[in-house]
1. Quick check on segment 140-174: of everything there that is touching a Leu at 6+ places or on another chain (Cβ under 8 Å), open to solvent by 50 Å² or more (accessible area, probe 1.4 Å) and modelled with pLDDT of 95 or more, which residue is nearest to Thr72 (Cα to Cα)?
2. Which residues, taken from segment 195-240, are acidic (Asp, Glu) and open to solvent by less than 60 Å² (accessible area, probe 1.4 Å)?
3. Which members of segment 84-137 meet the condition of being among the aromatic types (Phe, Trp, Tyr) and modelled with pLDDT of 95 or more?
4. When you scan segment 62-77, do you find a residue that is out of contact with any helix residue (DSSP H, G or I) (no Cβ under 9 Å at 6 or more places or on another chain), small (Gly, Ala, Ser) and modelled with pLDDT of 85 or more, even just one?
5. Evaluate segment 241-258: report whether one residue or more is assigned to a strand (DSSP E or B) and surrounded by fewer than 12 Cβ atoms within 10 Å (Cβ to Cβ).
Amino acid sequence: MNIIEIDFDKKLEIKINNERPVNLTDLTVSLLDLSSQFQRFVERESSDDYDISSELLIKEVRSGSIIVELVTKAAPLVPLLWQGGSLYQWVTTSSSIIDWFLGKAKNPPLDLTKKDLQQWKNIIEPVAKDSGSQLVISASDNATVINQLIVSSEQANAAQNFINRRIANMDEPADHIHSKKVLVWYQTKFDANSETGDKAIVEDIRKNPTKVIFENNAVKEAMLHGHNNFNKQWHELAYVVDLEVQTINGVPKLYKILRYYEDYTFDPEE
């Protein structure tokens, strides 16, 4: 029989002081994404050497304002990872994230992905929609509040506007320069006047064939004829190039070849 130990002394209380009825879907998604963010925090910040539960469990739902008490499984005896415990530290980290959303901090306390940003947008959605409402996240130990985060409806809206801008910027192409990368051709037209049909693989960046364009025709002309030192065809050789990688949503979508190092061309099978 598996016995689950619950630490009922340490709780995370989620309270929405609402002015209007809260949409059930908004509330459900908010709680699910809050739990997901707590899980990501624990898994990211704790050591792989210790199996620490990051699952939040509902202990009680109380009447009045929307109040949900969450508890977690008791942590095993491990070296101190967070001063005040994981719930305390997560509220501290969350407060720093909200401060960043509101322009009170220059940088976030940790790297946030597009999914993280979307989840935070969902977490504060119930109060963002309800003018005059308030979200209160409290960590308590033995009924004593040890850490607290309060987000007003006005702050939630400002935070969501920041998140929307941030996500929009993530969707824009980002340019990155990579020097001396090994490239193998996947297909090409070998037409100096065409910029369609050329694809290559740079395994160090992405294993899939990716569209290629050239900085200028001179670079392309230099790569059209293979290499005189090898008896193999052009598509059997590996080339060393400087390239600019353009990404969308973090995925490389275009390589622009800036320079071809002819003397570095080699047979990948040797």
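1. This residue is Ile150.
2. Asp198
3. So the first thing to find is which residues in segment 84-137 are among the aromatic types (Phe, Trp, Tyr), and the list is 88, 90, 100-101, 120.
Passing the criteria: Trp100, Phe101, Trp120.
4. no
5. The answer is yes; a qualifying residue exists.
The values are calculated or read from the model by the stated rules, or taken from the named source; none is laboratory data. None of the values given here were measured: they were computed from a predicted structure. Note: ideal-geometry Cβ built from the backbone for every residue, glycine included; neighbour counts use all protein chains shown. Only protein heavy atoms, including side chains, enter the accessible area calculation; ligands, DNA and RNA are left aside. Shrake-Rupley method; radii C 1.70, N 1.55, O 1.52, S 1.80 Å.
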